[in-house]
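Chemist: One structure follows; several queries about it will come next.
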Amino acid sequence: MATPLAKGDWVTEEIVPGWRQQMLVDEVMVEERNDLGHRAVFKNQALGDVLLIEDRIQLTSRDEHAYHEMFTHVPIVGHGKVKDVLIIGGGDGASLREVLKHRTLRVTLVDIDPGIIAFSKKFLPTLHREAWDDARATVVIADGSAFVVNTQDKFDVIIVDSTDPVPDGPSAVLYQEQFYRDCKGCLRPGGIIVTQNGHPNFEEYPAVALGNLAKVFTNTTLYQFCVPTYMGGLQSFGWASDDASILDVAVKTLEERWAATGITDCRVYTPAYGKASFVLPRWMQEIVDAAAKAAKGA
């Protein structure tokens, strides 16, 4: 999109060949185009404020909470004893916002793009809700794949909040086996890594990414959630840990952990819903099983 956005424009995405989605620009709130890239926020009657980065729709105010709540609270509550969280990517600040709702946690956020962080701080206050100013948050401008090689810090949960898992995408390295091995080296015993895994029903590469994850961790699966903004609605996160007992934690125990956090403003996440998100449709479970089988033969 070389020309500036204007009211009445249709922003079009073709996620997979043969299928496009469009959003009408009702009002342009802000647009920046410079050496750091192209970023914009516009209003849409159905979906509210829409964040556009490099001509790709990233999130909307109507349903971003579904993505960020499920991405963060599911592993943190599932683990039960988290002290330190690493977020790789997530420069819009929304995952950071959700993690910091847990009052006793420390967070390190690593993003390669200083432009999106600056854009978030300036133009997306309702998204990050001052998370950038929290003293418990350490922000590092760096390549996430290099950070996990060089850091001496250890974490209980790693959240890979990257762009889509496609082979030619800017985050392709964050779905490779070596990256997952380097992440494992940063995890404390019993740690969890979760990854943005796209829509495995329409994209082939998420299955490849899950297979790479399964080569590194003994327990790997997907969990699902719904974000209407994203193609098809149904989306998945990758989940991996060497502690098989985490997924067996009873809902009652998860509810007790959640109550202890004092968090009351989530619109989507509940302990019961988080637990249920691991119950997969047959076709998705087959992807998980195939990844595990292939990893054993690797």
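The values are calculated or read from the model by the stated rules, or taken from the named source; none is laboratory data. What you are looking at is a predicted structure, and each value in this text was computed from that prediction instead of being measured. Note: ideal-geometry Cβ built from the backbone for every residue, glycine included; neighbour counts use all protein chains shown.
Chemist: Identify, from the list 47, 51, 86, the residue that is within 23 Å of residue 117 (Cα to Cα) and more than 16 Å from the chain's Cα centre (by Cα).
Modeler: Answer to the check: 47.
Chemist: Of these, 224, 176, which one is assigned by TED's automatic domain parsing to the domain that holds residue 129, touching a Pro at 6+ places or on another chain (Cβ under 9 Å), touching a residue at least 24 places away in the same chain (Cβ under 8 Å) and among the polar types (S, T, N, Q)?
Modeler: That would be 224, the only listed residue that is assigned by TED's automatic domain parsing to the domain that holds residue 129, touching a Pro at 6+ places or on another chain (Cβ under 9 Å), touching a residue at least 24 places away in the same chain (Cβ under 8 Å) and among the polar types (S, T, N, Q).
Chemist: Checking residue 245 against (1) surrounded by 16 or more Cβ atoms within 10 Å (Cβ to Cβ); (2) in a helix (DSSP H, G or I); (3) more than 17 Å from the chain's Cα centre (by Cα): exactly one of these is not met. Which one?
Modeler: Every listed condition holds for residue 245 apart from (1).
Chemist: Evaluate the following for residue 205: is it within 17 Å of residue 241 (Cα to Cα) and either within 15 Å of the chain's Cα centre (by Cα) or in contact (Cβ under 8 Å) with a residue 12 or more places away in the chain (or both)?
Modeler: no
Chemist: Go through the range 208-242 and count every residue that is among the aliphatic types (A, V, I, L, M), crowded, with 19+ Cβ neighbours inside 10 Å and within 17 Å of the chain's Cα centre (by Cα).
Modeler: Of the residues in that region, 7 qualify.
Chemist: Out of the residues in the range 254-272 meeting the condition of being free of Cβ contacts under 8 Å to residues at least 40 places away in the same chain and in a helix (DSSP H, G or I), tell me which one is nearest to residue 235 (Cα to Cα).
Modeler: 272
Chemist: From 126, 108, 138, 163, which residue is out of contact with any Leu (no Cβ under 6 Å at 6 or more places or on another chain), in contact (Cβ under 8 Å) with a residue 12 or more places away in the chain and more than 22 Å from residue 56 (Cα to Cα)?
Modeler: The conditions single out 138.
Chemist: Could you please give the count of residues in the range 107-120 that are farther than 16 Å from residue 40 by Cβ and either surrounded by fewer than 17 Cβ atoms within 10 Å (Cβ to Cβ) or not assigned by TED's automatic domain parsing to the domain that holds residue 186 (or both)?
Modeler: Residues flagged as farther than 16 Å from residue 40 by Cβ and either surrounded by fewer than 17 Cβ atoms within 10 Å (Cβ to Cβ) or not assigned by TED's automatic domain parsing to the domain that holds residue 186 (or both) within the range 107-120 amount to 1.
Let's see how each residue does on (1) modelled with pLDDT under 95; (2) part of a helix (DSSP H, G or I):
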| residue | (1), (2) |
| --- | --- |
| 59 | yes, no |
| 69 | no, yes |
| 78 | no, yes |
| 87 | no, no |
| 95 | no, yes |
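Conditions (1) in the same structural domain as residue 269 (by TED's automatic domain parsing); (2) part of a loop (DSSP other than H, G, I, E, B); (3) in contact with a strand residue (DSSP E or B) (Cβ under 9 Å, 6 or more places away or on another chain); (4) among the polar types (S, T, N, Q), marked per residue:
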site: 189; (1), (2), (3), (4): yes, no, no, no
site: 194; (1), (2), (3), (4): yes, no, yes, no
site: 198; (1), (2), (3), (4): yes, yes, yes, no
site: 210; (1), (2), (3), (4): yes, no, yes, no
site: 229; (1), (2), (3), (4): yes, yes, yes, yes
site: 239; (1), (2), (3), (4): yes, no, yes, no
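Chemist: Sticking with this structure for a sec: When you check residue 172 against the structure, is it closer than 23 Å to residue 85 by Cα, of a type in the set (A, V, I, L, M) and at pLDDT below 90, yes or no?
Modeler: Here the answer is yes, as residue 172 does meet what is asked.
Chemist: For residue 262, which of the numbered conditions (1) of a type outside the set (D, E, K, R); (2) over 30 Å from residue 49 (Cα atoms); (3) at pLDDT 95 or above fails to hold?
Modeler: In the conditions (1) of a type outside the set (D, E, K, R); (2) over 30 Å from residue 49 (Cα atoms); (3) at pLDDT 95 or above, residue 262 misses (2) alone.
Chemist: Testing residue 121 on (1) basic (Lys, Arg); (2) touching a helix residue (DSSP H, G or I) at 6+ places or on another chain (Cβ under 6 Å); (3) within 22 Å of residue 82 (Cα to Cα), one condition comes back false. Which one is that?
Modeler: Tallying (1) basic (Lys, Arg); (2) touching a helix residue (DSSP H, G or I) at 6+ places or on another chain (Cβ under 6 Å); (3) within 22 Å of residue 82 (Cα to Cα), residue 121 fails exactly one: (3).
Yes/no matrix, rows are residues, columns are (1) buried (at least 19 other Cβ atoms within 10 Å of the Cβ); (2) over 18 Å from residue 198 (Cβ atoms); (3) not polar (S, T, N, Q):
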position: 3; (1), (2), (3): no, yes, no
position: 24; (1), (2), (3): no, yes, yes
position: 54; (1), (2), (3): no, no, yes
position: 62; (1), (2), (3): no, yes, yes
position: 68; (1), (2), (3): yes, no, yes
position: 79; (1), (2), (3): yes, yes, yes
position: 82; (1), (2), (3): yes, yes, yes
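Chemist: Another one. Which of the residues spanning the range 176-199 are closer than 20 Å to residue 59 by Cβ and either among the hydroxyl-bearing types (Ser, Thr, Tyr) or more than 15 Å from the chain's Cα centre (by Cα) (or both)?
Modeler: Across the range 176-199, the qualifying residue is only 195.
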